[in-house]
1. For Gln70, indicate whether it is under 16 Å from the mean Cα position of the chain (by Cα), buried (at least 19 other Cβ atoms within 10 Å of the Cβ), closer than 24 Å to Thr25 by Cα and among the polar types (S, T, N, Q).
2. List the residue pairs whose Cβ atoms are under 8 Å apart, where the first residue sits in segment 153-165 and is at pLDDT 95 or above, the second is acidic (Asp, Glu), and the two are 6 or more positions apart or on different chains.
3. Which one of the conditions (1) within 23 Å of Thr173 (Cα to Cα); (2) in contact with a Leu (Cβ under 8 Å, 6 or more places away or on another chain); (3) buried (at least 20 other Cβ atoms within 10 Å of the Cβ) does Ala135 fail to meet, given that it meets all the rest?
4. When the residues of segment 175-194 are filtered to those that are free of Cβ contacts under 8 Å to residues at least 12 places away in the same chain and among the charged types (D, E, K, R), which remaining residue is surrounded by the fewest Cβ atoms within 10 Å (Cβ to Cβ)?
5. May I ask you to verify whether Ile13 is within 13 Å of Leu73 (Cβ to Cβ), modelled with pLDDT of 95 or more and under 17 Å from the mean Cα position of the chain (by Cα)?
6. Restricting attention to segment 56-65, which residues are within 19 Å of Thr93 (Cβ to Cβ) and either in contact with a helix residue (DSSP H, G or I) (Cβ under 6 Å, 6 or more places away or on another chain) or crowded, with 16+ Cβ neighbours inside 10 Å (or both)?
7. Name every residue in segment 29-46 that is in contact with a helix residue (DSSP H, G or I) (Cβ under 7 Å, 6 or more places away or on another chain) and surrounded by 15 or more Cβ atoms within 10 Å (Cβ to Cβ), in order of residue number.
8. If you take just the strands (runs of 3 or more DSSP E) that sit entirely in segment 44-130, which of them hold at least 2 residues that are more than 18 Å from His180 (Cα to Cα) and either modelled with pLDDT of 95 or more or hydrophobic (A, V, I, L, M, F, W, C) (or both)?
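The values are calculated or read from the model by the stated rules, or taken from the named source; none is laboratory data. Keep in mind that what you see is a predicted model, and the values were worked out from it rather than measured. Because the Cβ atoms are built from the backbone with ideal geometry, glycine has one as well, and the counts that use them run over all protein chains shown.
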Amino acid sequence: MKIGILALQGAFIEHEEIVRKLGATVIEIRQLSDLEEDIDGIILPGGESTAQGKLLKELGLLQVLKEIIQSGLPVMGVCAGLILLAEKLSNDTKQHLGTLPIKVKRNAYGRQLGSFSSQSIVKDIGTVPMTFIRAPYIEEVAPIVEVLAKVDEKIVGVCFQNQIGLSFHPELTNSFKVHHYFIELCKKNSLKNL
């Protein structure tokens, strides 16, 4: 399994470490030629969504990445990555990839001081520790989107086709359950395409 990890900005190294521990190969996505690698899935990490979106555009990655995701490549967007995937943002006019039919509220839990940890059930995965840092939450989902997790009645995890969107940071905990689930999704998708 080869997992691409967007490595332009943000917390990508933590994802890389977990993916390697789970036995998959990591491909850092920094430029257009990196997307020519034969990857089985891609992780869009947390960080600063505005900076990541700007870099994706400047480096010519935005449209190509959008097309790859729309063609079925599994993707997991975490925090800023969720914002990049969202079709709509309730408190911003920007749209980045726009492949996930949801509406997201950026920095919904406030600034850094509003960061917190929780534990909650994620559908098909079980109870997982969740770390929220200046996190968004999902305000609306299209009927075709499956809600995977809620915390305090707010949607913090969704799945649509091969796209997983999370408000929280699974890479900042000692649980590998979410990454394992994503890698299994990549394996199933890869077998389906053989």
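1. Working: under 16 Å from the mean Cα position of the chain (by Cα): yes; buried (at least 19 other Cβ atoms within 10 Å of the Cβ): no; closer than 24 Å to Thr25 by Cα: yes; among the polar types (S, T, N, Q): yes.
So Gln70 fails the test.
2. From segment 153-165, the pairs are Ile155/Glu139; Val158/Glu146; Cys159/Glu146; Phe160/Glu146.
3. Here Ala135 clears every test but (2).
4. Lys192
5. Working: within 13 Å of Leu73 (Cβ to Cβ): no; modelled with pLDDT of 95 or more: yes; under 17 Å from the mean Cα position of the chain (by Cα): yes.
Answer is no for this residue.
6. Answer for segment 56-65, where residues must be within 19 Å of Thr93 (Cβ to Cβ) and either in contact with a helix residue (DSSP H, G or I) (Cβ under 6 Å, 6 or more places away or on another chain) or crowded, with 16+ Cβ neighbours inside 10 Å (or both): Leu56, Leu62.
7. From segment 29-46, those in contact with a helix residue (DSSP H, G or I) (Cβ under 7 Å, 6 or more places away or on another chain) are 29, 32, 35, 40-41, 43-46; that's our starting set.
Ile29, Leu35, Asp40, Gly41, Ile43, Leu44, Pro45, Gly46, listed by residue number.
8. It comes to 86-89, 100-105.
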